[in-house]
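Asks: I have a structure here, written as structure tokens, and I will follow up with some questions on it.
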Amino acid sequence: MAWQGLATEFLQVPAVTRTYTAACVLTTAAVLELLSPFQLYFNPHLVFRKFQVWRLITNFLFFGPLGFSFFFNMLFVYPAPWWKREEGGAGDRAGGSGPREAETLQGARFLYQSRRFRYCRMLEEGSFRGRTADFVFMFLFGGVLMTLLGLLGSLFFLGQALTAMLVYVWSRRSPGVRVNFFGLLTFQAPFLPWALMGFSMLLGNSILVDLLGIAVGHVYYFLEDVFPNQPGGKRLLLTPSFLKLLLDAPEEDPNYLPLPEEQPGPLQQ
């Protein structure tokens, strides 16, 4: 019954968030039996000289070793009625100490990362509702820009930067929303990316990846939401037509006149 409920909840997640989450879980699971992280990380020499082009994608999908905490905390990926009831308790668990300190720290890392994932769903169900192609294009824009900037900083895994970008865009588009941070702090949404970066630093992570995600998120937000509304501004990020044809439902032509047999009414002989 528990698995059925989890499967039902998973199928209710929007398509892009569901696909990205599943890809991250499967990639992380594959590291246990089939792969090594050394086969996934971003390496320009291996990509362009050895043609290991999959590294351009897999470096966005691996977030660390798989464990029980990973599956437990993946429950926090999706906003659900039980999220707020569990949020405070999960935050308390993340701050424990004692003989299980290593396991607790691992749980805190996954909780920290999965909290980022939930904003992917909130974006897709919110400002990108009915705009799947635009949402995918945001992933592509962010991924390409992060890859180029990652070359300068010798960054090997950029999944955390990608989720930081999603959090930043959501926070800027939801300035009036108050966020409960693990049941410890409450603040306005625009402070959330910086709070997560601070939490990442407490976990011993480099803040360079978070700063990269925030920077790319700001570039996207400026080009998509700010610049077009300025005097003389216009949209510079235009989703390719093939993505719209592939992912978005076709728009109905307001001038279309249905054939007589398609019009409602009594059956014509």
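The values are calculated or read from the model by the stated rules, or taken from the named source; none is laboratory data. Bear in mind the structure is a predicted one, so any value in this text is a computation, not a measurement. When we count neighbours, we look across all protein chains shown, and the Cβ atoms used for this are built from the backbone with ideal geometry, even at glycine. To get the accessible areas, we keep the full protein, side chains included, count just its heavy atoms, and leave off ligands, DNA and RNA. Shrake-Rupley method; radii C 1.70, N 1.55, O 1.52, S 1.80 Å.
Asks: Ser174: of a type outside the set (Asp, Glu) and without any contact (Cβ under 8 Å) to a residue 40 or more places away in the chain, yes or no? Full working, then the answer.
Replies: Working: of a type outside the set (Asp, Glu): yes; without any contact (Cβ under 8 Å) to a residue 40 or more places away in the chain: no.
Here the answer is no, as Ser174 does not meet what is asked.
Asks: While we're on this one: So which residues in region 1-42 are at pLDDT 80 or above, open to solvent by 70 Å² or more (accessible area, probe 1.4 Å) and part of a loop (DSSP other than H, G, I, E, B)?
Replies: Answer for region 1-42, where residues must be at pLDDT 80 or above, open to solvent by 70 Å² or more (accessible area, probe 1.4 Å) and part of a loop (DSSP other than H, G, I, E, B): Gln12, Leu34.
Asks: Here is a list: Leu212, Leu223. Which entry is within 16 Å of the chain's Cα centre (by Cα), assigned to a helix (DSSP H, G or I) and surrounded by 13 or more Cβ atoms within 10 Å (Cβ to Cβ)? Steps first, answer last, please.
Replies: Numbers: Leu223 fails: within 16 Å of the chain's Cα centre (by Cα).
Of Leu212, Leu223, the one residue that is within 16 Å of the chain's Cα centre (by Cα), assigned to a helix (DSSP H, G or I) and surrounded by 13 or more Cβ atoms within 10 Å (Cβ to Cβ) is Leu212.
Asks: Could you list, in sequence order, all residues of region 167-189 that are over 13 Å from Tyr119 (Cα atoms), open to solvent by 20 Å² or more (accessible area, probe 1.4 Å) and not charged (D, E, K, R)?
Replies: Pro175, Gly176, Asn180, Gly183, Leu184, Leu185, Thr186, Phe187, Gln188
Asks: Which pairs turn up if I take residues in region 16-39 that are within 23 Å of Leu6 (Cα to Cα) and among the polar types (S, T, N, Q) and look for partners that are modelled with pLDDT of 90 or more and surrounded by fewer than 14 Cβ atoms within 10 Å (Cβ to Cβ) with beta carbon separation below 9 Å, at least 6 apart in sequence or on another chain?
Replies: Thr17/Glu125
Asks: Another question, then. I'm trying to understand the selection: among the residues of region 43-54, which are open to solvent by less than 90 Å² (accessible area, probe 1.4 Å) and either in a loop (DSSP other than H, G, I, E, B) or closer than 15 Å to Gly159 by Cα (or both)?
Replies: Filtering region 43-54 for residues open to solvent by less than 90 Å² (accessible area, probe 1.4 Å) gives 43-44, 46-47, 52-53.
Selection gives Asn43, Gln52, Val53.
Asks: Counting only residues that are small (Gly, Ala, Ser) and outside any helix (DSSP H, G or I), how many does region 153-195 have?
Replies: If we filter region 153-195 for residues that are small (Gly, Ala, Ser), which is where we start, we get 153-154, 159, 161, 164, 171, 174, 176, 183, 189, 195.
Then drop every residue that is not outside any helix (DSSP H, G or I), which leaves 154, 174, 176, 183.
Final tally of qualifying residues: 4.
Asks: Looking at (1) more than 15 Å from the chain's Cα centre (by Cα); (2) touching a residue at least 60 places away in the same chain (Cβ under 8 Å); (3) open to solvent by 40 Å² or more (accessible area, probe 1.4 Å), which is the one condition that is false for Leu155?
Replies: For Leu155, the exception is condition (3).
Asks: Also, I was wondering about something else. Residues in region 131-150: is at least one surrounded by fewer than 19 Cβ atoms within 10 Å (Cβ to Cβ), modelled with pLDDT under 95 and of a type in the set (Gly, Ala, Ser)?
Replies: no
Asks: If you don't mind, another one. Answer with yes or no whether Gly198 is open to solvent by less than 60 Å² (accessible area, probe 1.4 Å), of a type in the set (Gly, Ala, Ser), more than 25 Å from Ala15 (Cα to Cα) and in a helix (DSSP H, G or I).
Replies: On the way: open to solvent by less than 60 Å² (accessible area, probe 1.4 Å): yes; of a type in the set (Gly, Ala, Ser): yes; more than 25 Å from Ala15 (Cα to Cα): yes; in a helix (DSSP H, G or I): yes.
Taking the combined requirement at face value, the residue satisfies it.
Asks: Any chance you could count how many residues in region 169-192 are aromatic (Phe, Trp, Tyr) and on the phi > 0 side of the Ramachandran plot? Talk me through it step by step, then tell me what you get.
Replies: Within region 169-192, the first condition is being aromatic (Phe, Trp, Tyr), and the residues that meet it are 170, 181-182, 187, 191.
From what's left, on the phi > 0 side of the Ramachandran plot: 182.
Looking only at that region, the number is 1.
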